[in-house]
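Only one structure is covered here, and it is reproduced in the block below.
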């Protein structure tokens with residue numbers, strides 16, 4: 001195995017951590033838009049922008065994992081099927097929560113309601129990310145996958 005191949009293999013675990021870090025930061029921006037308590041019109045407009053970007057990025061990340069990353073892991077490590085099934089179920093739950101958040105933003109729900117939606121997404125997302133990292137980072141350091149980071153982990 002060449003040094004370049006080894007670097008690429010190890011990079012999958014680093015890529016996952018970086019995507020999780022960026023998604024956490026995007027969620028913080030969305031929560032900040034609610035917490036600042038600006039005029040309802042300005043806060044709603046900002047939150048629409050932040051939530052649209054955050055929701056699209058998180059959904060894209062999970063779809064890419066479901067479509068590209070998890071099948072590759074499943075093929076190389078069939079013993080991880082229960083872990084992958086749990087992560088896929090988390091993706092469905094997070095998509096449901098994001099749908100509720102998006103609907104609340106679109107109807108300009110009060111800040112307290114928006115904050116509850118964001119808090120719920122944050123809690124599930126953080127739990128999911130930590131579990132995923134505990135279960136998969138070591139596997140990702142040895143996974144041979146011929147694809148772009150965007151195809152595997154979603155929009156960067």
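Helix-only arithmetic for the chain: the sum of -39500 (n - 2.57) across DSSP H runs with n ≥ 4, divided by the residue total, places the mean residue ellipticity at 222 nm at -28000 deg cm²/dmol.
Placing pseudo-labels 7 Å out from each Cα toward the beta carbon at residue 151 and residue 36 gives an inter-label distance of 3.9 nm. Each of residue 127 and residue 52 was given a label point 7 Å from its Cα along the Cα-to-Cβ line. The distance between the two points is 3.1 nm.
In this simple spin-label approximation, residue 142 and residue 67 carry label points 7 Å from Cα along the Cα→Cβ vector, and these lie 2.9 nm apart. Classification of the stretch 113-156 by its C-alpha gyration tensor yields an oblate form. The axis ratio a/c (a ≥ b ≥ c) is 1.5 or more, and b/c is at least a/b. Relative to the longest principal axis of the Cα atoms of the chain, the long axis of helix 40-64 lies at roughly 20 degrees. Give the angle, between 0 and 90 degrees and rounded to the nearest 10, that separates the Cα long axis of helix 111-140 from the longest principal axis of the Cα atoms of the chain. Helix 111-140 sits at roughly 10 degrees to that axis. Relative contact order, whole percent, for the stretch 17-156 stands at 38, derived from Cα pairs under 8 Å and 6 or more residues apart.
Helix 3-35 axis versus longest C-alpha principal axis of the chain: approximately 10°, rounded to the nearest ten. Most tightly packed first, judged by the mean number of other beta-carbon atoms within 10 Å of their residues, the peptides 105-117, 52-64 read 52-64, 105-117.
No value in this document is a laboratory result; all are computed from the given coordinates. The structure displayed is predicted, hence computed values, not measured ones. Glycine gets a Cβ as well: all are built from the backbone with ideal geometry, and neighbour counts include every protein chain shown.
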